[in-house]
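Data block below; observations after.
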Amino acid sequence: MESYLIYIIIGLGALGIGFLIGSSSRKGKNKSLLEDIKREGKELLQKARIDAETIKKEKILEAKEHFIELKSKHEIEITQREKKLIETENRIRQKESHLQKQINTNSELKRTLHQEEEIIAKKQEVLNFKEKKLDQNLQIQISKLEEISRLSADQAKTELMQTLQEKAKADAMAFVQHQMEEAKLSAQQEAKKIVINTIQRIGTEEAIDNCVSIFNLESDDVKGRIIGREGRNIRVLEAETGVEIIVDDTPEAIILSCFDPVRREIARLSLHSLVNDGRIHPARIEEVVKKTTKQIENEIIEVGKRTVIDLGIHGLHPELVRIVGRMKYRSSYGQNLLQHSREVAKLCGVMASELGLNPKVAKRAGLLHDIGKVPEEENETPHALLGMEWAEKFGEKKDVCNAIGAHHDEIEMTTLYSPIVQVCDAISGARPGARRQVLDSYVQRLKDLEKIAYDFDGVNKAYAIQAGRELRVFVESDKVSDDHASRLSFEISQKIQTDMTYPGQVKVTVIRETRAVNVAK
């Protein structure tokens, strides 16, 4: 509207100005010029009016569009508010229904409890009545028994107690005797283990297989160079390595004797380097021994790292990693200690998973259970307790420490990981071929198994198989029935259990076969 008025004012002004100019300058101008000026003014006025109408329409359209836009936004906001109100109303209704259900449930529970209390009260009355009746009947029976036995209740009780005491004493004596016999057997077995372990840890002349390495030579001429002038080379080598070097008449061989397998390996590798190099003198020997010692130490650490990575054990103290690496050069009953510990760790992980325990903790305890067997210096502490002390020193958890210390029952087991490690240690050591056995005692054990079976009537043949883990017994079908065969299997197993000492378990299988043979002619 403002633009419209402006254009009108401009037109009127222009018309007035033209009129004044025409009247002042040329009053006498002809009428045609005046008419032209009037016509131009009318045209300008008409044009201004048209422009004003156009502007007016555009503004009206813009106002309508703005109004429509505001109206749509307002409708959207109202719709969103209505949705929120509906959702809030629905939640409130759900809460009301849930509360109503809870109120109904509580009322039902109260009614049920009230009914149960009434039932219990009635049952209690019945029980009280029956108890009184039983007491009356008991008194009647006691009086009748006293009349029959001519003894009072106290006298009968005294005689019964004496009889029970005598029987309990007899049973207790039998139990104590049985436990003493078992204790003697287990004590003998444990004593053998302690003796063998002590021999292997300290090293004596009797343990030749575990304490000797043989270094082969290309020719016997090298022996003289190794001995050196007046034996100085061999003395320096023995002093640097701590290994006794035996040069005897054995052709093309030198014997290295030492209870410590690490030192023995250092001496063997040093001799190998010296012989290959050809320069054998005291200064060179000291240099080679130092270099080989450092090489062995690095190899021990590398073996320990590879072992813990293979087993998926993380966060192990570097000193424990080094001790694990030293197990490579240690044997236990002829079984390599590192391989034994790896096997125990894997068995512990599987068993812990089956029992719903943490397999990583079980693997950790299984790997470290025998670290006390690799001390760098002689130690009189049992290896389980020594290993537990090391584990505590290097920050292992209580579960792992207890499993290490308790796997030979030196301390009390306080976690489930301790019996798992003990069982897996026994499984790894008891399997056939895992540990060294004397051949004569092994064969004698198999013969004793078969002999026990032959002591029973009706046995035709008996065979000990699977390294003595199973005994198969063939019986005569005409002398032994099916029921008797089952009983015979149990009796043989019981006799083996009482008469023999063996690792693991022995399965007894009784086989009875009936044959009917006819010949068609």
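A few remarks follow.
- The phi torsions of the stretch 465-478, fed into the Karplus equation with coefficients 6.51, -1.76 and 1.60 and a -60° offset, translate into couplings of 10, 6, 6, x, 8, 9, 10, 9, 10, 9, 10, 7, 5, 7 Hz, rounded to whole numbers, with Gly and Pro shown as x.
- Built amide H within the under 5 Å cut-off of SER477, gap 5+: GLU513
- Heavy atoms of GLU410: accessible area, 1.4 Å probe, square angstrom to 10: 70
- Given LYS290/LYS393; LYS328/LYS397; LYS294/LYS397; LYS346/LYS393; LYS346/LYS507; LYS305/LYS363, the pairs whose alpha carbons are separated by over 20 Å: LYS290/LYS393; LYS328/LYS397; LYS294/LYS397; LYS346/LYS393; LYS346/LYS507
- Length gained on full extension, THR158 to GLN102, computed as 0.36 nm times the residue gap minus the Cα-Cα distance: 13.9 nm.
- Amide H contacts of LYS507 (H built 1.01 Å from N, in plane; Pro and chain starts excluded): GLU470, LEU471 sit under 5 Å, all sequence-distant by 5 or more or on other chains.
- A cut-off of 5 Å between modelled amide H atoms, ignoring neighbours fewer than 5 places along the same chain, links GLN335 with ARG436.
- For the stretch 483-488, 3J(HN,Hα) computed residue by residue from phi via the Karplus equation (6.51, -1.76, 1.60; θ = phi - 60°) reads 5, 5, 5, 5, 5, 5 Hz, glycine and proline entered as x.
- Cβ-Cβ distance of ARG81 and ARG111, R₀ of 30 Å, FRET efficiency by 1/(1 + (r/R0)^6): the value works out to about 0.10.
- With every protein chain in place, the stretch 322-416: carbon and sulfur % of accessible area (1.4 Å): 49
- When only alpha carbons are used to place a centre, the stretch 454-521 and the stretch 302-371 end up 41 Å from one another.
- Placing GLU118, GLU450, GLU125 in order of accessible area, with the largest value first and a 1.4 Å probe, yields GLU125, GLU118, GLU450.
- Where the stretch 339-397 is the region considered: accessible area per residue in Å², 1.4 Å probe: 49
- J(HN,Hα) series, the stretch 275-290, from Karplus relation 6.51 cos²θ - 1.76 cosθ + 1.60, nearest Hz, glycine and proline x: 5, 5, 6, x, 8, 10, 8, x, 4, 5, 4, 4, 5, 5, 5, 4
The values are calculated or read from the model by the stated rules, or taken from the named source; none is laboratory data. Note that this is a predicted model, so its numbers are computed, not measured. Virtual Cβ from ideal backbone geometry, glycine too; neighbours counted across all protein chains shown. These accessible areas exclude ligands, DNA and RNA; they are computed on the full protein's heavy atoms, side chains included. Shrake-Rupley method; radii C 1.70, N 1.55, O 1.52, S 1.80 Å.
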